[in-house]
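Novice: Shown below is the structure under consideration.
What follows is calculated from the coordinates using simple rules that are stated; it is not laboratory data. Quick caveat, the model's predicted, so the values are computed rather than measured. Cβ coordinates were reconstructed from backbone atoms using ideal geometry, including for glycine residues, and neighbour counts include every protein chain displayed.
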């Protein structure tokens, strides 16, 4: 991974529109924020969420609440569970919800219908994907590559998948995976965006390199889906997993999803073949026979309340193009970096997130002394990001509900806190 | 498994109080139902649920809605997610909810605190339990025994666990497991109550037999917990799993639970070591180090909305003794069998469920010709049970909200339907 570097807007690759000069400039920045917010084609989407005076920059950890969730959940509880009860598995469409909601997520990750299924946690889906990938890989390949800076659970689960399938795990930097994949590599598990640094990796290039090496590519989309374009089909990704409680705003612990490329579905051999993935689940046959299609990735009975809350949450995407989201995401993070450069005491923070657009997700990570205390103070003053050990402040920018004025206020409060603690 | 036998109350082992003579007797049965309902110490608990005119006898598949769920879920969505957002992981106790709610289930299954954790589906928990049990079993044991009549997912998952750990699965009738366990047996997976027949198996005796053979016992409590006493600690069970959406009324697909006996926790080596089970989850260390205690059974981020709906649903147990539940369960199923014997056309149904109390769960399964059509007609007439292929009608009796009058009405409608189809 790249080393943190002191932020200097003159060397960042920011577009000329956003290349504001450092300096006090609070008034100019406020005017610029107002202008950007007025011109924002996504501005009205914020009304689809329950927002308040807090500047909420932790949507990369838990997305804000869409206003449609509670009415829908009330209907599910009152009518579907309370009155129809068991009949809802059929009459309310509960049984097929994992595939149906998967097909709602599909366009956000560049997938044609029939390849995404929702359910279980990200960790469980990583396990399914890795074991299935190992089983589909060419004979004799004994190595699973993992992104060395991965969100830890991916690494732990990869170790377990390796142990259970007689393979070994080798951790290499995500940027090196393309070069490191070789004749022993069965599969590589890579994060599209690094959870700590916000670095965006080259999904297309790494996938192509893995394929040239004869290996499969499993991508973790937790920190990219919903924040920037993902093109699973076009980039020929084999399998992918992601969570839905970050940029997809599905609620705390909302179920994750699994993408299995259509051509690979017939060979997808799940290590967790629960009855929900059976070709004839109500046949209750003693022998397992997998369903066709995305349903093959299911396990047991899905947690319907969480699943249907996610379903309602996805309504906020109606009419929203991911390309527009990406434009605003880069605009917000550029502007925040400008504001920090302009307002924060010189040398008080270092920018961890790549400033080049092509390598930046939808978050800005800054490192500073006393970061845990700084984040506590920010939160107390109404600016919510999060802290990652040892010294990282993470600010996630969810374009659907974050305003340029929020980015400025966050930088202003951060500067005040840093001055106080400097 | 036992063969179905034509129901004859004179040979059933029913208590003399309930041994009503077959015959028309509708008036006498109605009087008896009213008397039993008046004397029922659990009668008032029904008010803790949202009930209507339907006779709901499918609580062994999806429990009815407790009235406290929607108010609590509204608070979780509005206040904890909508306002506190990410802060709720700590401030609203989300992070520790899986263990806290596990400790609420513990007394219902005879477990001291600190041994039960809630999360994931039953299938996933069966996988954790079986692989961990194989790893804890004495060296060289190559066989996993499963109940031949098991709910299918247990068998499918056992096959996968065996394949991944280099063991084989052998299916034997639950009643034979005690005798079949031997020097090759690592672990047996047994259902406490058979989902199809309602037969109750000997948890204490089979566990003891497995221990004598040097094997571990994993019990599936899906169809017993909440309906009858379970004594995991006293009966020295090693591991157990169960769902919460049947007799625990946690809602559709509510998360399952895993019990790991305290003495075995230090050796519990999970095949799904997600970050939620790490000793220091926010350390984000690349190496896995398992947490102590029940948390070791966790995987990834729990589905909080479903989890906290379950939490609210468990309030219906306040002041309810499982021993009273069992008394009423046997009373209801006895009375239903009496009513069926008295009202149904002779020879029109056979009783699949054992009539001996010691071998009966909280459901009555009947077989008859055209069972699928019979159940459709029952449902249309407001009596909801379910159908299991090829010819089984299942009627679950949830003592917390089912009345004796409901049992009589179900039998009356069933008799009318059978007369119509005979």
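Novice: If the elastic network links every pair of Cα atoms under 10 Å, which of A:284, A:51, A:136 fluctuates the most in the Gaussian network model of chain A?
Specialist: Of A:284, A:51, A:136, the Gaussian network model singles out A:284 as fluctuating most.
Novice: At 222 nm, what helix-only mean residue ellipticity would chain A give, in deg cm²/dmol to the nearest 500, using -39500 (n - 2.57) for each DSSP H run of four or more?
Specialist: -10000 deg cm²/dmol
Novice: Length gain on complete extension for the stretch residue A:176 to residue A:91, per 0.36 nm per residue less the alpha carbon to alpha carbon distance?
Specialist: Stretched fully, the residue A:176-residue A:91 segment lengthens by 25.6 nm.
Novice: Something else: Determine by what factor the alpha-carbon radius of gyration of the protein assembly as shown differs from 2.2 N^0.38 Å, reporting the quotient.
Specialist: The protein assembly as shown yields a ratio of 1.00.
Novice: Give the Cα extents of the stretch B:246-347 along the principal axes, in whole Å, largest first.
Specialist: Sorted from largest, the Cα extents of the stretch B:246-347 read 68, 32, 30 Å.
Novice: 7 Å along Cα→Cβ for the label point: how many nanometres lie between residue B:168 and each equivalent label in the other copies, listed shortest first?
Specialist: 3.2
Novice: Let me see the P(r) profile for chain B: every Cα-Cα distance counted, bins of 20 Å, each bin given as a percent of all pairs.
Specialist: So the P(r) values, bin by bin, are 27, 54, 19, 1.
Novice: Compute the separation of the alpha-carbon centres of the stretch A:53-87 and the stretch B:396-422 and state it in Å as a whole number.
Specialist: One Cα centre to the other: 36 Å.
Novice: If you don't mind, another one. Can you sort A:187, A:392, A:352 from fewest to most other Cβ atoms within 10 Å of each residue's own Cβ?
Specialist: Least crowded to most crowded, the residues run A:392, A:352, A:187.
Novice: Roughly how far apart, in whole Å, are the Cα centres of the stretch A:100-131 and the stretch A:328-358?
Specialist: Cα centres, the stretch A:100-131 to the stretch A:328-358: 33 Å.
Novice: Modelling each spin label as a point 7 Å along the Cα-to-Cβ direction, I'd like the residue B:372/residue A:211 distance in nm, to one decimal.
Specialist: Taking the two extended label points, one gets 4.4 nm.
Novice: Among A:223, A:357, B:201, which comes first, then next, by fewest other beta-carbon atoms within 10 Å?
Specialist: Going from least to most buried by this count: A:357, B:201, A:223.
Novice: Return the Cα extents of the stretch A:39-94 along principal axes one, two and three, sorted largest first, each rounded to a whole Å.
Specialist: That works out to 47, 23, 18 Å along the principal axes.
Novice: What is the distance, in nm, between label points placed 7 Å from the Cα along the Cα-to-Cβ direction at residue B:279 and at residue A:83?
Specialist: 5.4 nm
Novice: Hey, any idea what Rg/Rh is for the stretch B:135-215, computing Rh the Kirkwood way over Cα pairs?
Specialist: Across the stretch B:135-215, the Cα-based Rg/Rh ratio is 0.95.
Novice: Most mobile of B:390, B:113, B:255 per a Gaussian network model of chain B (Cα springs, under 10 Å)?
Specialist: Result: B:390 has the largest fluctuation of those listed.
Novice: Could you tell me how many cubic angstrom of Cα convex hull volume the stretch B:186-225 has per residue?
Specialist: Hull volume over Cα atoms, normalised by residue count, gives 57 Å³.
Novice: OK, next. Semi-axes of the stretch B:289-422's equivalent ellipsoid from the Cα gyration tensor, sqrt of 5 times each eigenvalue, largest first, rounded to whole Å?
Specialist: Whole-Å semi-axes of the equivalent ellipsoid: 36, 18, 15.
Novice: Another question about this same structure. If you count the DSSP beta bridges with both ends in chain B, what percent of them are antiparallel, to the nearest 5?
Specialist: Of all bridge pairs located within chain B, approximately 55 percent are antiparallel.
Novice: Take the Cβ-Cβ distance between residue A:358 and residue A:289 as r, set R0 to 51 Å, and report the resulting FRET efficiency rounded to the nearest 0.05.
Specialist: Efficiency, rounded to the nearest 0.05: 0.65.
Novice: Pairs of Cα atoms under 8 Å, at least six residues apart: use those to get the relative contact order of chain A, whole percent.
Specialist: Answer for chain A is 25 percent.
Novice: Starting from the eigenvalues of the Cα gyration tensor, five times each then square-rooted, give me the equivalent ellipsoid semi-axes of the stretch B:69-317, largest first, whole Å.
Specialist: Value: 31, 21, 14 Å, ordered largest first.
Novice: Next question, about the same structure. Return the whole-Å distance between the Cα centroid of the stretch B:245-286 and the Cα centroid of the stretch A:241-316.
Specialist: Each part reduced to its Cα centre gives a spacing of 20 Å.
Novice: Grab the beta carbon distance between residue A:52 and residue A:262, set R0 = 60 Å, and tell me the FRET efficiency rounded to 0.05.
Specialist: FRET efficiency, residue A:52 to residue A:262: 0.90.
Novice: If I build a Gaussian network model for chain A, linking alpha-carbon pairs within less than 10 angstrom, which residue out of A:189, A:164, A:343 has the largest mean-square fluctuation?
Specialist: A:164
Novice: How large is log10 of I(q)/I(0) for the stretch A:66-187 at q = 0.22, 0.23 Å⁻¹ when the intensity is taken from the Debye formula with one equal scatterer per alpha-carbon?
Specialist: Log-scaled intensity ratios, in q order: -1.23, -1.28.
Novice: Between copies, how close do the residue B:367 label points come, placed 7 Å along Cα→Cβ, listed in nm from shortest?
Specialist: With the label placed 7 Å along Cα→Cβ, residue B:367 yields 7.0 nm.
Novice: Across 10 Å bins from the origin, how do the percents of Cα pairs in the stretch B:357-405 run, short distances first?
Specialist: That works out to 25, 49, 24, 1, in percent per bin.
Novice: Oh, and also: Given the stretch B:69-317, what percent of its DSSP beta bridges are antiparallel, to the nearest 5?
Specialist: 35 percent
Novice: Using Cβ counts within 10 Å as a stand-in for footprinting exposure, how do A:139, B:211, A:278 rank, fewest first?
Specialist: Neighbour counts put them in this order, fewest first: A:139, B:211, A:278.
Novice: Modelling each spin label as a point 7 Å along the Cα-to-Cβ direction, I'd like the residue B:233/residue B:183 distance in nm, to one decimal.
Specialist: Simple spin-label model gives 3.7 nm for this pair.
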